[in-house]
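Asks: Sharing a structure below in structure tokens format, with a few things to ask.
The values are calculated or read from the model by the stated rules, or taken from the named source; none is laboratory data. Nothing here was measured: the structure is a model prediction, and the numbers come from that model. Neighbour counts run over all protein chains shown; Cβ positions are idealised from the backbone, glycine included.
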Amino acid sequence: MTSLTEVYQGDARSGPSRRRLYVGTGLVASGAVLAVLGVVLATTELFDGIVASATGWEMAAHYATVRLAGIVAGVGVPAALVGLFLVLPASRRLRAAGAVGAGLCLLGVALFWVAYPYHWRGVGADLTLEVAAVYLLGLFAAIWCLFVGVVNFKTRNDPGGTLEMHVTRQNRTIVERDDEGPAGGLGGIGVLGAEPDGEIEPEPSARRDGGPAGTAEPAPDREDAELLETESEPTLPRDRYCGNCEQFAYARERGSDELIPYCTRHEEAMTGMDACEDWTPNRR
């Protein structure tokens, strides 16, 4: 997972630059072309003469073509994986692990160059198993790092879980819960994002005095908002910025040093406010 240091420094938050995006796209396209070319060379005999005359290797034309096909396809696959790592937001440690896996793939290609065809499949020292093991180890490591990068990217964009938020406004408390599970499909990686549908209907809130129910304001973009009335209902319109007006002051309770918010206009304690630990009046 991405560390907090990388998040605050911007390494994991910032997307790939345009140059890195172009390089990654070019590597993916080039790797795909090389892989397809390797398959064509290995499965057909159309280019045997051209390959034999161009390489000048002292072996049959068919073996020369298969040798070149293995090298081309073996380089194309890690090149495409490296291109994906360049465009995918990932930590430096994960990219380094992916680079190690791609390096093992290239080492396997070099071993194939040495082993084929004189030490291949029962001929000579027979290094078939060793070459295949090195290449597959690097390939699996690179694919695993790519998988971890995609999963981390999906988790950052769609963490899932349950969200509960309490909002107090005009002597009312709105409790909003979001129990939606992880988004399905590929929404987490920004391909098929899921958007909530439907409209929100206002819920009536029952009064404590048995009177008719009132209509609460709908909470935006929530489908299961619950409106809860507090114990005290306002009888008079109150100053929205109460606490900064000229009539506001702090009083001390008798026999205690606790500060109590006090309204000198109405001559009553303001029980709906949390007192500060220390207070100095603005007026002298």
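Asks: Note down all Cβ pairs under 6 Å where the first residue falls in region 257-272 and is at negative phi and exposed (fewer than 13 other Cβ atoms within 10 Å of the Cβ), the second is at pLDDT 75 or above and part of a strand (DSSP E or B), and they're at least six residues apart or on different chains.
Replies: 264/249
Asks: Pick from 128, 173, 168: which is among the hydroxyl-bearing types (Ser, Thr, Tyr), at pLDDT below 95 and under 32 Å from the mean Cα position of the chain (by Cα)?
Replies: Numbers: 128 fails: under 32 Å from the mean Cα position of the chain (by Cα); 173 fails: under 32 Å from the mean Cα position of the chain (by Cα).
It is 168.
Asks: Then there is this: Could you go through region 93-112 and let me know if any residue there is within 26 Å of residue 140 (Cα to Cα), out of contact with any strand residue (DSSP E or B) (no Cβ under 9 Å at 6 or more places or on another chain) and among the β-branched types (Val, Ile, Thr).
Replies: yes
Asks: Looking at region 113-142, which of its residues are crowded, with 16+ Cβ neighbours inside 10 Å and in a helix (DSSP H, G or I)?
Replies: Within region 113-142, the subset crowded, with 16+ Cβ neighbours inside 10 Å is 115-117, 119-120, 127-128, 131, 134-135, 138-139, 141-142.
Hits for region 113-142 are 115, 128, 131, 134, 135, 138, 139, 141, 142.
Asks: If you go through region 87-109, how many residues are without any contact (Cβ under 8 Å) to a residue 60 or more places away in the chain and outside any helix (DSSP H, G or I)?
Replies: Filtering region 87-109 for residues without any contact (Cβ under 8 Å) to a residue 60 or more places away in the chain gives 93-109.
Okay, now just the ones that are also outside any helix (DSSP H, G or I), so none.
Residues meeting the conditions: 0.
Asks: Name the residue that is farthest from residue 86 (Cα to Cα), counting only residues in region 5-32 that are at pLDDT 55 or above and among the hydrophobic types (A, V, I, L, M, F, W, C).
Replies: 32
Asks: Looking at (1) surrounded by 20 or more Cβ atoms within 10 Å (Cβ to Cβ); (2) free of Cβ contacts under 8 Å to residues at least 40 places away in the same chain, which is the one condition that is false for residue 57?
Replies: So the condition that residue 57 fails would be (1).
Asks: Quick one: in region 48-76, which of the residues that are outside any helix (DSSP H, G or I) and at negative phi is modelled with the lowest pLDDT? Steps first, please.
Replies: Pass one, region 48-76, residues outside any helix (DSSP H, G or I): 56-60.
Filter once more, so that each one left must be at negative phi: 57-60.
Working: 57: 85, 58: 81, 59: 85, 60: 86.
Here the residue is 58.
Asks: Of (1) under 30 Å from residue 149 (Cα atoms); (2) buried (at least 16 other Cβ atoms within 10 Å of the Cβ), residue 30 satisfies all except one. Which?
Replies: Unmet for residue 30, out of (1) under 30 Å from residue 149 (Cα atoms); (2) buried (at least 16 other Cβ atoms within 10 Å of the Cβ): (2).
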